[in-house]
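The values are calculated or read from the model by the stated rules, or taken from the named source; none is laboratory data. Because the structure is predicted, anything quoted here is derived from the model rather than measured. When we count neighbours, we look across all protein chains shown, and the Cβ atoms used for this are built from the backbone with ideal geometry, even at glycine. When the accessible area is computed, the model is the full protein with side chains, heavy atoms only, and any ligands, DNA or RNA have been set aside. Shrake-Rupley method; radii C 1.70, N 1.55, O 1.52, S 1.80 Å.
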Amino acid sequence: MAKKSARDRLSNEVSAGSMADIAFLLLIFFLVTTTIDVDKGILIKLPPWSEEEPDIQKLKDRNVFAVLVNAQNQLLVRNEEAQIKELRERVKEFIVNPQRREDLSEKPTKAIIMLKNDRGTAYETYLKVYNELRAAYNELWDEEAEKLYPGDFEKAERKFEDMPFAYRKAIRDKIPLVISEAEPTAFGEEGAQ
Amino acid sequence: MSKFQKKRGKTTPAISTASLPDIIFMLLFFFMVVTVMRDAELKVTVVVPDATELTKLERKSLVHHVYIGKPTAKFIPVYGTKPTIQLNDKIVREDRIKNDIPLFIEQHKLKVPENQHGRITTSFRVDGKVTMGIVQDVKTQLRKSGQLRVNYSARARAGELK
(Lines give C-alpha, C1' and ligand atoms only; values in the text may rest on other atoms or scores of the structure.)
Protein backbone atom coordinates (compact mmCIF):
# COMPACT_ATOMS: atom_id res chain seq x y z
CA MET A 1 0.00 0.00 0.00
CA ALA A 2 1.24 3.44 -0.87
CA LYS A 3 2.23 5.54 2.05
CA LYS A 4 -0.11 8.47 2.60
CA SER A 5 1.43 11.91 2.62
CA ALA A 6 1.24 13.86 5.86
CA ARG A 7 -1.11 16.35 4.31
CA ASP A 8 -3.65 13.72 3.48
CA ARG A 9 -3.73 12.42 6.98
CA LEU A 10 -4.51 15.81 8.49
CA SER A 11 -8.15 16.45 8.22
CA ASN A 12 -8.76 19.68 6.40
CA GLU A 13 -11.91 20.51 8.34
CA VAL A 14 -12.17 22.55 11.50
CA SER A 15 -14.00 20.52 14.08
CA ALA A 16 -17.32 22.12 14.82
CA GLY A 17 -17.94 19.91 17.78
CA SER A 18 -16.90 22.49 20.34
CA MET A 19 -18.95 25.19 18.71
CA ALA A 20 -21.96 24.26 20.80
CA ASP A 21 -19.89 24.51 23.97
CA ILE A 22 -18.67 27.97 23.11
CA ALA A 23 -22.17 29.09 22.24
CA PHE A 24 -23.45 27.61 25.48
CA LEU A 25 -20.89 29.55 27.45
CA LEU A 26 -21.94 32.83 25.83
CA LEU A 27 -25.58 31.93 26.20
CA ILE A 28 -25.22 31.34 29.91
CA PHE A 29 -23.39 34.62 30.29
CA PHE A 30 -26.19 36.56 28.63
CA LEU A 31 -28.83 34.60 30.51
CA VAL A 32 -27.29 35.68 33.76
CA THR A 33 -26.82 39.33 32.87
CA THR A 34 -30.22 39.81 31.23
CA THR A 35 -32.80 41.94 32.93
CA ILE A 36 -35.90 42.03 30.79
CA ASP A 37 -37.77 44.38 33.07
CA VAL A 38 -38.82 47.47 31.22
CA ASP A 39 -39.47 50.40 33.45
CA LYS A 40 -43.18 50.72 34.04
CA GLY A 41 -45.03 53.10 36.23
CA ILE A 42 -47.65 55.74 36.72
CA LEU A 43 -46.78 58.75 34.62
CA ILE A 44 -47.75 62.08 36.13
CA LYS A 45 -47.13 65.73 35.43
CA LEU A 46 -46.15 67.92 38.33
CA PRO A 47 -47.52 71.44 38.55
CA PRO A 48 -44.97 74.17 37.87
CA TRP A 49 -43.44 75.78 40.91
CA SER A 50 -44.57 79.25 41.86
CA GLU A 51 -43.28 81.23 44.78
CA GLU A 52 -46.45 83.10 45.61
CA GLU A 53 -49.18 81.48 47.59
CA PRO A 54 -51.96 80.17 45.39
CA ASP A 55 -55.03 82.34 45.83
CA ILE A 56 -57.77 80.33 47.34
CA GLN A 57 -60.44 79.87 44.77
CA LYS A 58 -64.02 79.70 45.76
CA LEU A 59 -64.98 76.19 44.80
CA LYS A 60 -68.30 74.74 45.60
CA ASP A 61 -68.00 71.97 48.12
CA ARG A 62 -69.92 69.61 45.91
CA ASN A 63 -67.25 69.87 43.19
CA VAL A 64 -64.33 68.94 45.40
CA PHE A 65 -63.51 65.38 46.28
CA ALA A 66 -60.97 65.62 49.05
CA VAL A 67 -58.87 62.60 49.92
CA LEU A 68 -56.65 62.90 52.95
CA VAL A 69 -54.11 60.30 54.00
CA ASN A 70 -52.59 60.56 57.44
CA ALA A 71 -49.32 59.28 58.88
CA GLN A 72 -51.03 56.06 60.01
CA ASN A 73 -52.00 55.41 56.40
CA GLN A 74 -55.69 55.95 57.12
CA LEU A 75 -57.98 57.59 54.64
CA LEU A 76 -60.38 60.44 55.14
CA VAL A 77 -62.60 60.90 52.11
CA ARG A 78 -64.97 63.86 52.20
CA ASN A 79 -64.69 63.98 55.98
CA GLU A 80 -65.47 60.33 56.48
CA GLU A 81 -63.19 57.39 57.02
CA ALA A 82 -62.88 55.18 53.99
CA GLN A 83 -61.01 52.21 52.56
CA ILE A 84 -58.78 52.31 49.52
CA LYS A 85 -60.89 49.56 47.95
CA GLU A 86 -64.02 51.67 47.70
CA LEU A 87 -62.19 54.72 46.42
CA ARG A 88 -62.36 53.88 42.73
CA GLU A 89 -66.13 53.48 42.58
CA ARG A 90 -66.74 56.55 44.69
CA VAL A 91 -64.53 58.72 42.50
CA LYS A 92 -66.26 57.47 39.37
CA GLU A 93 -69.66 58.18 40.83
CA PHE A 94 -68.50 61.59 41.99
CA ILE A 95 -67.22 62.65 38.57
CA VAL A 96 -70.10 61.43 36.46
CA ASN A 97 -72.88 61.88 38.99
CA PRO A 98 -75.37 59.72 37.11
CA GLN A 99 -78.21 60.34 39.55
CA ARG A 100 -77.72 64.12 39.53
CA ARG A 101 -77.23 64.13 43.24
CA GLU A 102 -76.85 67.43 45.03
CA ASP A 103 -73.65 66.50 46.83
CA LEU A 104 -71.66 65.22 43.87
CA SER A 105 -70.03 67.17 41.07
CA GLU A 106 -72.11 69.37 38.79
CA LYS A 107 -70.43 68.00 35.69
CA PRO A 108 -67.17 66.15 34.94
CA THR A 109 -65.37 69.29 33.77
CA LYS A 110 -65.96 70.93 37.13
CA ALA A 111 -64.95 67.97 39.27
CA ILE A 112 -61.73 68.29 41.20
CA ILE A 113 -60.00 65.50 43.05
CA MET A 114 -57.86 66.80 45.85
CA LEU A 115 -55.21 64.59 47.39
CA LYS A 116 -53.39 65.54 50.51
CA ASN A 117 -51.02 63.37 52.45
CA ASP A 118 -48.78 63.67 55.46
CA ARG A 119 -45.01 63.61 55.41
CA GLY A 120 -45.27 60.43 57.45
CA THR A 121 -47.51 58.59 54.99
CA ALA A 122 -45.93 55.47 53.55
CA TYR A 123 -45.09 55.75 49.88
CA GLU A 124 -46.85 52.46 49.26
CA THR A 125 -50.15 53.81 50.56
CA TYR A 126 -49.75 57.04 48.65
CA LEU A 127 -49.16 55.17 45.42
CA LYS A 128 -52.09 52.84 46.06
CA VAL A 129 -54.40 55.80 46.54
CA TYR A 130 -53.01 57.60 43.51
CA ASN A 131 -53.38 54.44 41.48
CA GLU A 132 -57.06 54.16 42.41
CA LEU A 133 -57.72 57.79 41.48
CA ARG A 134 -56.02 57.27 38.17
CA ALA A 135 -57.85 53.99 37.62
CA ALA A 136 -61.18 55.73 38.11
CA TYR A 137 -60.33 58.17 35.32
CA ASN A 138 -59.03 55.43 33.05
CA GLU A 139 -62.23 53.44 33.49
CA LEU A 140 -64.37 56.48 32.81
CA TRP A 141 -62.40 57.21 29.66
CA ASP A 142 -62.80 53.64 28.51
CA GLU A 143 -66.54 53.78 29.07
CA GLU A 144 -66.78 57.13 27.31
CA ALA A 145 -64.77 55.77 24.40
CA GLU A 146 -67.24 52.98 23.96
CA LYS A 147 -70.17 55.37 24.13
CA LEU A 148 -68.78 57.91 21.68
CA TYR A 149 -67.23 55.58 19.16
CA PRO A 150 -69.05 52.28 19.51
CA GLY A 151 -67.75 49.33 17.61
CA ASP A 152 -64.58 51.00 16.43
CA PHE A 153 -62.29 49.51 18.98
CA GLU A 154 -64.05 46.41 20.10
CA LYS A 155 -61.01 44.23 19.99
CA ALA A 156 -58.78 46.50 22.02
CA GLU A 157 -58.67 45.65 25.67
CA ARG A 158 -58.02 49.18 26.80
CA LYS A 159 -60.24 51.06 24.43
CA PHE A 160 -59.07 54.52 25.29
CA GLU A 161 -55.36 53.90 25.00
CA ASP A 162 -55.53 52.45 21.52
CA MET A 163 -57.47 55.32 20.03
CA PRO A 164 -56.08 57.97 17.73
CA PHE A 165 -54.98 61.17 19.39
CA ALA A 166 -57.93 63.27 18.20
CA TYR A 167 -60.44 60.86 19.75
CA ARG A 168 -58.50 60.74 22.97
CA LYS A 169 -58.45 64.50 23.14
CA ALA A 170 -62.19 64.73 22.59
CA ILE A 171 -62.76 62.37 25.48
CA ARG A 172 -60.26 64.09 27.71
CA ASP A 173 -61.97 67.40 27.08
CA LYS A 174 -65.22 65.91 28.30
CA ILE A 175 -63.64 64.33 31.37
CA PRO A 176 -60.45 66.20 32.16
CA LEU A 177 -57.97 64.63 34.55
CA VAL A 178 -57.79 66.88 37.57
CA ILE A 179 -55.90 65.44 40.49
CA SER A 180 -54.62 68.26 42.59
CA GLU A 181 -52.06 67.61 45.27
CA ALA A 182 -51.83 69.90 48.25
CA GLU A 183 -48.63 70.49 50.18
CA PRO A 184 -48.43 67.69 52.73
CA THR A 185 -48.89 68.21 56.41
CA ALA A 186 -46.04 67.34 58.74
CA PHE A 187 -47.65 65.70 61.72
CA GLY A 188 -45.98 62.34 61.35
CA GLU A 189 -42.52 63.32 60.21
CA GLU A 190 -40.19 60.38 60.23
CA GLY A 191 -37.85 60.33 63.19
CA ALA A 192 -34.69 58.31 63.61
CA GLN A 193 -35.36 54.83 62.36
CA MET B 1 -38.64 -14.85 13.81
CA SER B 2 -41.05 -12.02 14.18
CA LYS B 3 -40.30 -8.55 12.95
CA PHE B 4 -40.54 -6.98 16.38
CA GLN B 5 -37.70 -8.95 17.83
CA LYS B 6 -35.51 -8.06 14.94
CA LYS B 7 -35.93 -4.39 15.48
CA ARG B 8 -35.24 -4.54 19.18
CA GLY B 9 -31.98 -6.19 18.53
CA LYS B 10 -30.57 -3.23 16.67
CA THR B 11 -28.72 -0.44 18.49
CA THR B 12 -30.68 2.75 18.90
CA PRO B 13 -29.71 5.32 16.27
CA ALA B 14 -28.08 8.40 17.78
CA ILE B 15 -29.97 11.65 17.55
CA SER B 16 -28.09 13.99 15.31
CA THR B 17 -26.63 16.88 17.25
CA ALA B 18 -25.45 18.70 14.19
CA SER B 19 -28.15 21.38 14.51
CA LEU B 20 -27.55 21.92 18.19
CA PRO B 21 -25.09 24.79 17.70
CA ASP B 22 -27.61 26.52 15.47
CA ILE B 23 -30.32 26.31 18.08
CA ILE B 24 -27.99 27.54 20.78
CA PHE B 25 -26.83 30.39 18.59
CA MET B 26 -30.43 31.39 17.98
CA LEU B 27 -31.04 31.56 21.72
CA LEU B 28 -27.77 33.39 22.14
CA PHE B 29 -28.70 36.07 19.67
CA PHE B 30 -32.09 36.46 21.30
CA PHE B 31 -30.56 37.10 24.68
CA MET B 32 -27.88 39.35 23.22
CA VAL B 33 -30.55 41.54 21.72
CA VAL B 34 -32.81 41.76 24.77
CA THR B 35 -30.02 42.20 27.29
CA VAL B 36 -29.84 45.55 28.95
CA MET B 37 -26.84 45.92 31.15
CA ARG B 38 -27.76 47.44 34.48
CA ASP B 39 -26.60 51.02 34.23
CA ALA B 40 -26.36 51.89 37.88
CA GLU B 41 -25.29 49.95 40.89
CA LEU B 42 -28.02 50.13 43.47
CA LYS B 43 -26.73 51.48 46.73
CA VAL B 44 -30.13 51.54 48.36
CA THR B 45 -32.66 48.74 48.72
CA VAL B 46 -35.78 49.40 46.74
CA VAL B 47 -38.91 47.29 46.55
CA VAL B 48 -41.35 49.26 44.47
CA PRO B 49 -45.06 48.96 45.29
CA ASP B 50 -47.70 47.36 43.08
CA ALA B 51 -50.05 49.28 40.83
CA THR B 52 -52.39 48.68 37.93
CA GLU B 53 -52.45 51.87 35.87
CA LEU B 54 -49.04 51.44 34.33
CA THR B 55 -47.49 52.99 31.27
CA LYS B 56 -44.28 51.77 29.75
CA LEU B 57 -41.36 54.12 29.68
CA GLU B 58 -39.79 54.29 26.29
CA ARG B 59 -36.57 55.87 25.11
CA LYS B 60 -34.11 54.98 27.84
CA SER B 61 -31.92 57.94 26.96
CA LEU B 62 -34.67 60.33 28.07
CA VAL B 63 -35.10 58.77 31.50
CA HIS B 64 -33.13 59.31 34.64
CA HIS B 65 -33.74 57.53 37.90
CA VAL B 66 -34.20 58.65 41.45
CA TYR B 67 -33.90 55.81 43.93
CA ILE B 68 -35.03 56.27 47.50
CA GLY B 69 -34.63 53.60 50.12
CA LYS B 70 -32.47 52.43 52.98
CA PRO B 71 -28.81 51.96 52.09
CA THR B 72 -27.72 48.39 51.42
CA ALA B 73 -25.66 46.55 54.04
CA LYS B 74 -22.43 47.57 52.33
CA PHE B 75 -23.21 51.26 52.60
CA ILE B 76 -24.73 51.38 56.08
CA PRO B 77 -21.40 52.34 57.71
CA VAL B 78 -21.10 55.30 55.35
CA TYR B 79 -24.66 56.54 55.00
CA GLY B 80 -26.48 55.16 58.04
CA THR B 81 -29.84 53.41 57.95
CA LYS B 82 -32.19 56.30 57.21
CA PRO B 83 -33.83 56.44 53.77
CA THR B 84 -31.37 57.89 51.32
CA ILE B 85 -31.62 59.37 47.84
CA GLN B 86 -29.61 58.02 44.95
CA LEU B 87 -29.55 59.89 41.63
CA ASN B 88 -28.64 57.46 38.84
CA ASP B 89 -25.45 56.14 40.45
CA LYS B 90 -24.61 58.71 43.07
CA ILE B 91 -25.92 58.95 46.59
CA VAL B 92 -26.97 62.44 47.54
CA ARG B 93 -27.25 63.63 51.10
CA GLU B 94 -30.63 65.00 52.01
CA ASP B 95 -29.34 68.45 52.92
CA ARG B 96 -27.56 68.81 49.58
CA ILE B 97 -30.47 68.07 47.24
CA LYS B 98 -31.10 71.77 46.79
CA ASN B 99 -27.91 72.06 44.75
CA ASP B 100 -27.49 68.55 43.46
CA ILE B 101 -30.87 67.93 41.84
CA PRO B 102 -30.83 71.00 39.55
CA LEU B 103 -27.24 70.14 38.63
CA PHE B 104 -28.19 66.55 37.94
CA ILE B 105 -31.02 67.61 35.65
CA GLU B 106 -28.83 70.09 33.77
CA GLN B 107 -26.25 67.35 33.24
CA HIS B 108 -28.87 65.10 31.75
CA LYS B 109 -30.16 67.88 29.52
CA LEU B 110 -26.68 68.36 28.06
CA LYS B 111 -26.77 64.82 26.71
CA VAL B 112 -30.17 65.22 25.06
CA PRO B 113 -30.94 67.27 21.93
CA GLU B 114 -32.78 70.43 22.76
CA ASN B 115 -36.06 69.60 21.06
CA GLN B 116 -36.37 66.54 23.31
CA HIS B 117 -35.89 68.41 26.57
CA GLY B 118 -39.61 68.49 27.30
CA ARG B 119 -39.79 64.73 27.15
CA ILE B 120 -37.17 64.01 29.77
CA THR B 121 -38.72 61.89 32.47
CA THR B 122 -37.73 61.36 36.06
CA SER B 123 -38.45 57.85 37.18
CA PHE B 124 -39.00 57.47 40.91
CA ARG B 125 -38.03 54.08 42.20
CA VAL B 126 -39.01 54.37 45.80
CA ASP B 127 -39.24 51.68 48.41
CA GLY B 128 -42.83 51.14 49.56
CA LYS B 129 -41.94 51.64 53.22
CA VAL B 130 -40.30 55.02 52.76
CA THR B 131 -42.36 57.90 54.10
CA MET B 132 -43.56 60.66 51.81
CA GLY B 133 -41.54 63.46 53.42
CA ILE B 134 -38.33 62.70 51.59
CA VAL B 135 -40.20 62.00 48.35
CA GLN B 136 -41.98 65.32 48.68
CA ASP B 137 -38.68 67.15 49.11
CA VAL B 138 -37.34 65.67 45.90
CA LYS B 139 -40.57 66.48 44.07
CA THR B 140 -40.39 70.07 45.25
CA GLN B 141 -36.83 70.37 43.97
CA LEU B 142 -37.85 68.92 40.62
CA ARG B 143 -40.68 71.40 40.33
CA LYS B 144 -38.31 74.25 41.16
CA SER B 145 -35.95 73.15 38.41
CA GLY B 146 -38.79 72.83 35.91
CA GLN B 147 -38.57 69.06 35.57
CA LEU B 148 -42.25 68.14 35.61
CA ARG B 149 -42.56 64.79 33.85
CA VAL B 150 -42.41 62.22 36.58
CA ASN B 151 -43.01 58.51 36.67
CA TYR B 152 -43.73 56.51 39.80
CA SER B 153 -42.16 53.21 39.01
CA ALA B 154 -44.25 50.22 40.05
CA ARG B 155 -44.74 46.55 39.43
CA ALA B 156 -47.86 45.22 37.80
CA ARG B 157 -50.28 43.99 40.42
CA ALA B 158 -51.48 40.48 39.80
CA GLY B 159 -54.27 39.84 42.28
CA GLU B 160 -56.90 41.94 43.97
CA LEU B 161 -56.17 45.06 45.93
CA LYS B 162 -55.63 44.26 49.60
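Comparing B:K109, B:K144, B:K60 in a Gaussian network model of chain B, where Cα atoms under 10 Å apart are tied by springs, the biggest mean-square fluctuation is seen for B:K60. The mean count of C-beta atoms from other chains within 10 Å of the C-beta of residues in B:138-145, rounded to a whole number, is 2. Dividing the helix sum by the residues of chain B, where each DSSP H run of 4 or more adds -39500 (n - 2.57), gives a mean residue ellipticity at 222 nm of -10000 deg cm²/dmol.
Measuring only protein heavy atoms, the 1.4 Å probe finds B:L54 accessible over about 40 Å².
Buried surface between chains A and B: roughly 5100 Å² of accessible area, summed over both sides, computed with a 1.4 Å probe on protein heavy atoms only.
Across chain B, C-alpha contacts under 8 Å between residues 6 or more apart give a mean separation that, scaled by the residue count, equals a relative contact order of 27 percent. What the Cα atoms of the range A:61-181 give is an Rg and a Dmax of 15.3, 47 Å. Other protein chain C-beta atoms within 10 Å of residue C-beta, averaged over B:16-26: 4.
Build a GNM of chain B with springs between Cα atoms under 10 Å apart, and of B:F25, B:F124, B:F104 the one that fluctuates most is B:F25. Equivalent-ellipsoid semi-axes for the range A:72-129 (Cα gyration tensor, √(5λ), whole Å, largest first): 24, 11, 10.
Taking B:V66, B:V150, B:V126 in turn, the Gaussian network model of chain B (Cα-Cα springs below 10 Å) assigns the largest fluctuation to B:V150.
Accessible area per residue was computed with a 1.4 Å probe on protein heavy atoms; A:M163 scores about 10 Å². Rounded to a whole number of µm²/s, how large is the Stokes-Einstein D of the range B:44-156 at 37 °C and 0.692 mPa s, given Rh as the Kirkwood radius over C-alpha pairs? Rounded, D is 224 µm²/s.
Between A:E143 and A:L25, the FRET efficiency estimated from the beta carbon spacing at R0 = 56 angstrom works out to 0.55. Counting only heavy atoms of the protein chains and using a 1.4 Å probe, A:S180 has close to 50 Å² of accessible surface. Among the residues of B:47-59, the average count of other protein chain beta-carbon atoms within 10 Å of the residue beta-carbon is 6.
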